[in-house]
1. Run down V24, V75 and say which single residue is modelled with pLDDT of 95 or more and open to solvent by 50 Å² or more (accessible area, probe 1.4 Å).
2. Being β-branched (V, I, T) and open to solvent by 70 Å² or more (accessible area, probe 1.4 Å) is the filter here, so list the residues in the range 143-175 that pass it.
3. V120 passes all but one of (1) among the β-branched types (V, I, T); (2) at pLDDT 95 or above; (3) open to solvent by 40 Å² or more (accessible area, probe 1.4 Å); which number fails?
4. Under 6 Å between Cβ atoms, at least 6 apart or on separate chains: pull out the pairs that start in the range 135-155 with a residue that is closer than 18 Å to Y183 by Cβ and end on any residue that is among the acidic types (D, E).
5. What about E187, is it charged (D, E, K, R) and in a helix (DSSP H, G or I)?
6. Out of the residues in the range 155-184 that are assigned to a loop (DSSP other than H, G, I, E, B) and either aliphatic (A, V, I, L, M) or in contact with a strand residue (DSSP E or B) (Cβ under 7 Å, 6 or more places away or on another chain) (or both), which is modelled with the lowest pLDDT?
Amino acid sequence: MSPRRETRSAWRQAAVGAAVFVAVLWGLELLDTALSHRLDQYGVQPREDEGLLGILFAPLLHAGWGHLAANTVPVLVLLFLVLASGVLRGVQVTAIIWVVGGLGVWLVAPTHTVHLGASVLIFGWLVYLMIRGVFTRRLGEIALGVLLFLLYGGLLLGVLPGQAGISWQGHLFGAVGGALAAYLTSERKAP
């Protein structure tokens with residue numbers, strides 16, 4: 001297969017993967033609405049035994065249609081970019097962010113709260129894409145990281161406490177997971 005065809009195939013797979021993930025998010029919110037939002041209890045509940053299940057489910061659940069709508073475009077764009085460099089690596093990156101983000105929230109967030117939403121993944125994917133070029137030393141990845149920082153760098157302020165009802169802990173530990181994923185999954189070029 002020619003390099004151009006491989007690139008188109010990778011982009012197609014990335015687009016399908018991102019679209020399917022978003023369709024799952026919307027389907028789950030539809031189900032959650034039909035169940036009077038009973039699925040929301042499966043978010044991360046810090047330091048509760050049942051809350052550990054939230055590590056698995058929280059990124060798939062949202063606190064209503066507005067929350068999901070706000071996350072949809074960033075999920076589509078960032079997940080596409082993560083998957084475009086290889087679906088297997090994209091899945092590995094997402095798994096690292098998912099687990100690190102969920103565990104961090106479970107350990108640090110206030111008790112008697114429930115944390116859910118794909119924001120943990122969004123912050124993780126953004127940080128991963130912004131810094132992976134540092135580890136790979138690939139000019140294209142460095143350029144993409146700089147471009148994303150210029151376009152969305154202000155979003156990173158969401159890792160700071162301040163807005164009621166927003167899980168800054170999810171944002172922070174998602175970003176930490178993204179940095180860890182960039183380090184662990186990047187094939188390093190020799191200096």
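1. V24
2. V146, I166, listed by residue number.
3. Every listed condition holds for V120 apart from (3).
4. Close Cβ pairs (under 6 Å, with a partner that is among the acidic types (D, E)) do not exist here.
5. Against the criterion (charged (D, E, K, R) and in a helix (DSSP H, G or I)), E187 does not qualify.
6. My answer is A164.
The values are calculated or read from the model by the stated rules, or taken from the named source; none is laboratory data. If you're wondering where the values come from, they're calculated on a predicted model, not measured in any experiment. Using ideal geometry, Cβ is built from the backbone for each residue, glycine included, and neighbour counts are taken over all protein chains shown. Accessible surface areas use protein heavy atoms only, side chains included; no ligands, DNA or RNA. Shrake-Rupley method; radii C 1.70, N 1.55, O 1.52, S 1.80 Å.
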